[in-house]
Structures are given as structure tokens and as C-alpha cells.
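The values are calculated or read from the model by the stated rules, or taken from the named source; none is laboratory data. Predicted model, so just to flag it, every value in this text is computed and none were measured. Neighbour counts run over all protein chains shown; Cβ positions are idealised from the backbone, glycine included. Areas reflect the complete protein model, heavy atoms only, side chains present, ligands, DNA and RNA absent. Shrake-Rupley method; radii C 1.70, N 1.55, O 1.52, S 1.80 Å.
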Amino acid sequence: MKKMLNIILKYKFALVLLLCDLCLLQFRPDLGTTSLTLTWKYVLEMLSVIPPIFIIMGLIDAWIPKEMMIKYMGKGAGLKGGLLAFLLGAFSSGPLYAAFPIAGMLIKKGASLVNVFLFLGAWSTTKIPMMLFEATQLGNKFTGIRFILNMIGIIVIAFIIDKSTSQHEREELYQRISKISQK
């Protein structure tokens, strides 16, 4: 019984969503069908994105020694660390939720928080493959201006978040990441 309760608590959000979908299907079949279809579509999307992300995380964990990550993306890495973090995020593909496990792995390996914030900012706004399409549709000038403004914004926001994160919050973040990586 306790095991069943733990499973229910672990998947409570998914179960609530399923319950809502079933209620909608019962009382508003048209809306319920749409909701179930969208739910299934997003589940399949997540299942197509998450396994490659875990493979990438495993490769980072196995192939990149912590000392190397600290050297190139740690606190003392300076401009080269920020540039590397930005490029890793900018040349990525996939939805933003896929970036968070990688960001956790970067932190576990010793990357500085400001570089992780740069990585996340670049992942969310400066996808280089999408920028090529954007340039063909909206023009090079627009794309260039947007890219420069995004870079400035990402850098400013990353440093603001880094400076406003207290030591207690940093320690809590490191503890959470170490707990996750032990599972």
C-alpha cells in the first residue's frame, strides 16, 4: 500500500492531468478529445526529446573530467568560459525543458552559475539553426540586430541573476543537483 501511495505522489501531476482529461471527455466530449489528443502529442514529444538528452548527459559525465569543465567553464574561466557556454546553448536544438538536465550536469561538473545562466539564455533565444531561417524570412539586418540585443540581454541577465543568488541558494542548488545525480 505504501509503495502504491509513493507512486501516486510521485506522478500526482500526471494523474491530475489524466483525471481532468477524463472529466472533460465525460462532460464536454469535443473539448475532452482535443485535450487528450494534445496531452498525448506532448507526451510523445517529450519521449522523443528526453532520451537523447540523457545520452548527452551520460556522454558529458563520462567523457569530460570535472577538472576540464572547471578549467573551461568554471569560475576562473573568464571570457572563454562565457563564450563556450553561449556557443553550447546557441548551437543546440530542442525545447528549453531539454536544457535544464544539461545545465544540471554542467553545474555538477563544476561550471560556474553565470556560465550556466549564459548557456540557458542562449539555448532559449539564440538558436543558430533557427536564425538562418529567420534571416531568409525577415532579413539579415533584423536578424543581426535581434541577435546582438539578445546577446546583450542574456549577458546582463546572467550576471544579475548570478550576483543576486545568495550563498544559501547556491548551496541548496548544489545539494539538489547532487541528490538527483545520485539516483
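Here are the numbers for this structure:
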| item | result |
| --- | --- |
| Principal-axis tilt of helix 29-63 within the chain, Cα atoms, nearest 10 degrees | 40 |
| Whole-Hz couplings from phi, Karplus 6.51/-1.76/1.60, listed for the range 2-8; x for Gly and Pro | 5, 5, 5, 5, 4, 5, 4 |
| Helix 167-182 axis, angle to the chain major axis (alpha carbon atoms, nearest 10°) | 60 |
| Test item: Cα-centred dipole of the chain, Lys/Arg +1 and Asp/Glu -1 on Cβ, debye | 420 |
| Across LYS10/LYS179; LYS80/LYS127; LYS3/LYS179; LYS75/LYS141; LYS3/LYS109; LYS41/LYS66, pairs whose alpha-carbon gap is larger than 26 Å | LYS75/LYS141; LYS3/LYS109; LYS41/LYS66 |
| If the convex hull is drawn through the Cα atoms of the chain, its volume per residue in Å³ | 172 |
| Using alpha-carbon coordinates, inclination of helix 12-27 to the longest axis of the chain, degrees | 50 |
| Per residue value of the accessible surface for the chain (all protein chains in place, 1.4 Å probe), Å² | 69 |
| Residue among LEU17, LEU173, LEU96 with the largest mean-square fluctuation in a Gaussian network model of the chain, springs linking Cα atoms under 10 Å | LEU17 |
| Accessible carbon and sulfur surface of the range 105-180 relative to its total accessible area, %, 1.4 Å | 70 |
